[in-house]
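Asker: Following this message is one structure expressed as structure tokens.
No lab work stands behind these numbers, since they all come straight from the coordinates. Just so you know, these numbers come straight off a predicted model, no measurement behind them.
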Amino acid sequence: MDERELEAAIKFHGHFGPFLALGLRLGEFALTHLKARKHFGIKVTVHCPPQPPPSCLVDGLQVSTGATYGKRNIELIPSEEIVVQFVNTDTGGMLTVRVPKDVREQLSTWLKELGEGEASKRVLETDGLFEVIESAHP
């Protein structure tokens, strides 16, 4: 992740939390996987709890994908689990990822044990925090 983008995300969100970091990772992964254009070539549908800290991943997704509420290409659907669907609006390619419950619990544990900054850095450095549950390319 580019240092400037990380700084922009922290400034946009107000602090550096682990769910913000997770949203950044998810969005970056999706753009690369789908070969989608940032800002206008992606639609994001987020299923997650509608309150912080899990909902903070929405801000990370907005910064990393460029999808925004104003452009109406990101949507939050309240859910107990975290599942995010990405669509490349140019090609129709689709990717759905899930953050398993044990990962959510791990993020909360890191937050309590390491503090916000270190927990967030760990999220940026750790693989296996989400799983692809569906991928389709036209």
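Asker: Using Cα atoms only, what is the angle between the long axis of helix 101-114 and the major principal axis of the chain, expressed in degrees (0 to 90) to the nearest 10?
Answerer: The two axes meet at around 40 degrees.
Asker: For a test of the definition: using alpha carbon positions, the gyration tensor, and the 1.5 limit on a/c, classify the stretch 4-53 as rounded, prolate or oblate. Walk me through the intermediate numbers first.
Answerer: Values: a/c = 2.11, a/b = 1.34, b/c = 1.57.
Verdict is oblate for the stretch 4-53.
Asker: Collect residues whose amide H, placed 1.01 Å from N in the peptide plane, falls under 5 Å from the amide H of S79; neighbours closer than 5 in sequence don't count.
Answerer: C48
Asker: Ok, one more. Which percent of Cα-Cα pairs in the stretch 1-113 sits in each 10 Å bin, short to long?
Answerer: Per 10 Å bin, starting at 0, the Cα pair percentages come out as 15, 50, 31, 4, 0.
Asker: Quick one: helix 116-125 against the long Cα principal axis of the chain, what's the angle to the nearest 10°, folded into 0 to 90?
Answerer: Tilt relative to the chain: about 50 degrees.
Asker: Continuing with this model, one more query. Find the relative contact order for the chain and round it to a whole percent, using C-alpha pairs within less than 8 Å whose residues are 6+ positions apart.
Answerer: 28 percent
Asker: Antiparallel versus total DSSP beta bridges in the chain: what percent is that, nearest 5?
Answerer: Counting only bridges with both partners in the chain, antiparallel ones make up about 75 percent.
Asker: Related question: Take the alpha carbon atoms of the stretch 70-138, find their center, do the same for the stretch 8-35, and report the distance between the two centers in whole angstrom.
Answerer: The two parts, judged by their Cα centres, are 9 Å apart.
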